[in-house]
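This report concerns only the one structure given below.
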Amino acid sequence: MKHRLRAREVFLIIIILLIILTLLPFLLGEDVTYKPIIKEPSRFIIRDVDLKPLKVTTSRVTFAAILLIDHYGNTSDDATLILKVIDRETGLLENEVTKELPVVTGEKTIEVSQEISVKREGGYEIKSIIMDRGKIVESGSVYIGGLEALVPEIRNVGLKVTEMDFSIENITGDTITVTVSLYLENIKDEPSPNLSILIKARQAESNLIADSVWISSGVVKPESTVVKSGTIYVPEGYNYVIEALIWNGDILIGEYNKALTLAPTKAIPEGIEVQPINIEVSKFIRPTPIPSPVPPPESIGFKSEMEYGPTLVPKTPGFTGVVTVGAIIMILLMGRRRFL
């Protein structure tokens, strides 16, 4: 009987304790089992940085800085990306741009792109800084150099001279008519623009310009070669360097040269004194100056100097003209005496 009473008492005690534990939070006014949730602050990590050239001029390069940024934790607030360009040789700040980052919550990767411009020379450190809530929360750097190797867009037309041929068309007195054939190759996968080409004949020893002519390249198809010709007139008996200069507007973008040997040569025995070449400068007087680098007109009926030949300057009357005038005066005087 006593054993049964003790079991019943233990059972009641357990029931009472369970009731107390259940009612205890309400009695104390708060949940003793509650654990507060601590929010992790906003964090950024720069995962990757790529620099892509967008525009290349003769003096500057404009890049797109593309950043992959990881975000963790709470929502970001007024986060800002700062890009600084620092000259690696002098350590001076070359350029700086700022970009606001989008609001990010939780674990997420975002891509951010920002343009930035640098000089097309030397090397630079591109420093990336992320600020959030007025504090620097992340930074990193990439380095670039050798920007001189980037070809400016105005020069990157893909057209070049690969070969040059000469043919003699005519000999008049001491003037030789030479046709210069240029092999123009377009190495790009798009048609080339119509460019201007100046062909010059430079006398080898004196560097005097004997003649020059402008021709047009025309539009050359992608990955193909065309032959364009121009005619020049040079004094015989001399050696020349024929130059082909390709112009895109007012910018010289390419050149090619080849020797044209018209003077006979021979081996000089050892010990024999070499005599200087006597150049008749009068043979190199050109009737017109070298034209400016402007493409020839493409209007209907236009013909270049290449088609008409060189412009000749009329000769002024010399000693022969004076003698003729004197003879006419003498005849008139003699006739007058007869009538007198």
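Worth pointing out:
- The sole residue among LEU262, LEU208 that is at pLDDT 85 or above, farther than 21 Å from TYR183 by Cβ and touching a Gly at 6+ places or on another chain (Cβ under 7 Å) is LEU262.
- Of all residues in the range 137-159, those being more than 19 Å from SER192 (Cα to Cα) and either in contact with a strand residue (DSSP E or B) (Cβ under 6 Å, 6 or more places away or on another chain) or among the aromatic types (Phe, Trp, Tyr) (or both) number 10.
- Positions within the range 144-170 being part of a strand (DSSP E or B), within 21 Å of the chain's Cα centre (by Cα) and farther than 21 Å from GLU243 by Cβ, in sequence order: ILE144
- For the range 222-258, the tally of residues that are of a type in the set (D, E, K, R) and either part of a loop (DSSP other than H, G, I, E, B) or not assigned by TED's automatic domain parsing to the domain that holds TYR183 (or both) stands at 3.
- Cβ separations smaller than 8 Å between residues 6+ apart or across chains give no pair from the range 40-58 residues that are under 18 Å from ALA149 (Cβ atoms) and assigned by TED's automatic domain parsing to the domain that holds LEU252 to residues that are outside any strand (DSSP E or B) and modelled with pLDDT under 95.
- In the range 59-94, the residue that is surrounded by the most Cβ atoms within 10 Å (Cβ to Cβ) out of those that are of a type in the set (Val, Ile, Thr), closer than 30 Å to ASN156 by Cα and free of Cβ contacts under 8 Å to residues at least 60 places away in the same chain is VAL85.
- Condition met for VAL219 (in a strand (DSSP E or B) and either under 23 Å from the mean Cα position of the chain (by Cα) or of a type in the set (Gly, Ala, Ser) (or both)): no
- Boolean, SER229 is within 19 Å of LYS258 (Cβ to Cβ), modelled with pLDDT under 95 and either touching a helix residue (DSSP H, G or I) at 6+ places or on another chain (Cβ under 9 Å) or of a type in the set (A, V, I, L, M) (or both): no
- Count - residues of the range 216-240 that are over 22 Å from LEU184 (Cα atoms) and out of contact with any Pro (no Cβ under 8 Å at 6 or more places or on another chain): 6
- Flag if GLY140 is outside the structural domain of ILE215 (by TED's automatic domain parsing), under 32 Å from the mean Cα position of the chain (by Cα) and not in a strand (DSSP E or B): no
- Residue under evaluation SER167, criteria (1) in contact (Cβ under 8 Å) with a residue 24 or more places away in the chain; (2) touching a Ser or Thr at 6+ places or on another chain (Cβ under 6 Å), criterion not met: (1)
- Selection of the range 104-125 for residues being under 15 Å from ARG60 (Cβ atoms) and part of a strand (DSSP E or B) yields GLU115, ILE116, SER117, VAL118, LYS119, TYR124.
- Looking across VAL104, VAL118, VAL97, VAL112, one residue alone is surrounded by 12 or more Cβ atoms within 10 Å (Cβ to Cβ), in contact with a Phe, Trp or Tyr (Cβ under 9 Å, 6 or more places away or on another chain) and closer than 22 Å to PRO53 by Cα. It is VAL118.
- Residues that are more than 16 Å from VAL49 (Cα to Cα) and outside any loop (DSSP other than H, G, I, E, B), drawn from the range 64-79: TYR72
The values are calculated or read from the model by the stated rules, or taken from the named source; none is laboratory data. Please read all numbers here as calculations on a predicted model, not as lab measurements. Cβ sites come from the backbone with ideal geometry, for glycine too, and all protein chains shown count toward neighbours.
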